[in-house]
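The values are calculated or read from the model by the stated rules, or taken from the named source; none is laboratory data. Source: prediction; values computed, not measured. Because the Cβ atoms are built from the backbone with ideal geometry, glycine has one as well, and the counts that use them run over all protein chains shown.
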Amino acid sequence: MLMVIGSSRSGEAAANAHRYPAARPSHQSSVKGNALGALLDRYGFTAEVTSLAPGSQPHRALWDTAGTALLLPSLIDDSVCLLSEKDVFVN
């Protein structure tokens, strides 16, 4: 289990955002919120998920699993982007 101790300041995260260009959403979305569908739309993965899970749809196990698998690395990259050098990792 990974725990992060310390708090990152939004100013530091913005200053470090150029270091992690992949962590940014690929396009602006009119969909708000943090639901899986909203996040997939924000990161531009919706069409890819639909093609990876033919015959499936949102809220079905196959579609949601494919979406989560595509989305997770980007969410992890976002988390890394928000961490400052002063944060401490404890395993």
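Contact annotation: residue pairs with Cβ atoms under 9 Å, 6 or more positions apart or on different chains, pairing a residue in region 62-91 that is modelled with pLDDT under 90 and of a type in the set (Val, Ile, Thr) with a partner that is surrounded by 14 or more Cβ atoms within 10 Å (Cβ to Cβ) and in a loop (DSSP other than H, G, I, E, B), are Val80/Tyr20.
Scanning region 43-71 for residues that are more than 15 Å from the chain's Cα centre (by Cα) and of a type outside the set (A, V, I, L, M) gives Glu48, Thr50, Ser51, Pro54, Gly55, Ser56, Gln57, Pro58, His59, Arg60, Trp63. Of the residues making up region 47-69, those that are surrounded by 18 or more Cβ atoms within 10 Å (Cβ to Cβ) and in a helix (DSSP H, G or I) are Val49, Trp63, Asp64, Ala66, Gly67.
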